[in-house]
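Scroll down for the structure; my scribbles are underneath it.
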Amino acid sequence: MPSDKSISFVNYVIKQINNDKGKGFGAKLRKADHENTEYQSWEILSSWVNLEWESDRKAFALIGASLARSKPSEDGTLSIGEALRMVHVKDKDIGDIEKSSSALRLRRLLACKEKEELMDILKPVIRYIESKGSLLHYGRLLDEILWFNTDSSREKTRARWARDFFRKREES
C-alpha cells in the first residue's frame, strides 16, 4: 500500500494539472525530469520533498513530470509489470511474451541495483507505457522508487514487477 505522502502528492498534482488554466503548473512539472530544467519545478517539489535529498527529489520529479505529460483524471491501478504486460497484450502481433519488447524493458528494470539507475531506466519505460494508453499507479510507483535503496524492499519490488508481468491471467 502506498504511503499517504505519495498518494497525496499524486492526487495534488493531478488536481492541479486538471485545474491549471494558464498551464504554468504543468509546464514546470514537465521540465522536472531533465537535469538542465529540473530547478524550474523546485517551487512545486519543495512542499513535498527536501530538495537537498537528490535521489528523493528526482523520484518526485520523475513522477510529477510523468503526470504532467499524461494528464490523467485520477491515479491508475497498474504496476510497472502489469502495465508492460498490458502493452504486450494490446499489441497486434503478440508472439511470445518472454521475447517481447515489453519483457526486455522489464528485464532491464529488474537488473537495476540502485535507485538512481532505476530512475534513469524508468523514464523511457514510463513514456513507452503512457504512449500505449496504459495508466500506471503513480502513487505506488513513487513509493517503490523511494524505497528501492534498501535490499529487502528492492527485492520485493522487483519480484512483484516480475510476478505481475509473467503471471498467467484470464484475459477477457
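The values are calculated or read from the model by the stated rules, or taken from the named source; none is laboratory data. Owing to the predicted nature of the structure, the values given are computational and were not obtained by experimental measurement. Using ideal geometry, Cβ is built from the backbone for each residue, glycine included, and neighbour counts are taken over all protein chains shown.
Does ILE97 meet the test of being of a type in the set (Val, Ile, Thr) and farther than 25 Å from ALA27 by Cα?
yes
Pick from the range 132-156 the residues that are among the hydroxyl-bearing types (Ser, Thr, Tyr) and under 13 Å from the mean Cα position of the chain (by Cα): which of them is modelled with the lowest pLDDT?
Going residue by residue through the range 132-156, those that are among the hydroxyl-bearing types (Ser, Thr, Tyr) are 134, 138, 150, 152-153.
If we keep only those that are under 13 Å from the mean Cα position of the chain (by Cα) too, we end up with 134, 138.
Values: SER134: 88, TYR138: 97.
Across the range 132-156, the extreme among qualifying residues is SER134.
Do we have LEU104 as surrounded by 15 or more Cβ atoms within 10 Å (Cβ to Cβ) and free of Cβ contacts under 8 Å to residues at least 60 places away in the same chain here?
no
For a quick check of your reading of the model, give me the residue pairs whose first member lies in the range 17-33 and is touching a residue at least 40 places away in the same chain (Cβ under 8 Å) and part of a helix (DSSP H, G or I), whose second is exposed (fewer than 13 other Cβ atoms within 10 Å of the Cβ) and of a type in the set (S, T, N, Q), with beta-carbon atoms closer than 8 Å and at least 6 apart or on different chains.
ASN18/SER73
List the number of the failed condition for LEU62; all other conditions in (1) in the same structural domain as VAL125 (by TED's automatic domain parsing); (2) within 12 Å of the chain's Cα centre (by Cα) hold.
All conditions pass for LEU62, except number (1).
What number of residues within the range 45-67 satisfy the criterion of being more than 15 Å from LEU141 (Cα to Cα), in a helix (DSSP H, G or I) and at pLDDT 95 or above?
1
Can you find a residue in the range 88-99 that is buried (at least 19 other Cβ atoms within 10 Å of the Cβ), closer than 20 Å to ARG127 by Cβ and touching a residue at least 60 places away in the same chain (Cβ under 8 Å)?
no
So in the range 83-111, with the set limited to residues that are of a type in the set (D, E, K, R) and in contact with a Lys or Arg (Cβ under 9 Å, 6 or more places away or on another chain), which one is nearest to LYS5 (Cα to Cα)? Walk me through how you get there before you give the answer.
Residues of the range 83-111 that are of a type in the set (D, E, K, R), as a first pass: 85, 90-93, 96, 98-99, 105, 107-108.
Now narrow it down to the ones that are in contact with a Lys or Arg (Cβ under 9 Å, 6 or more places away or on another chain): 85, 90-91.
Working: ARG85: 28, LYS90: 33, ASP91: 35 Å.
Across the range 83-111, the extreme among qualifying residues is ARG85.
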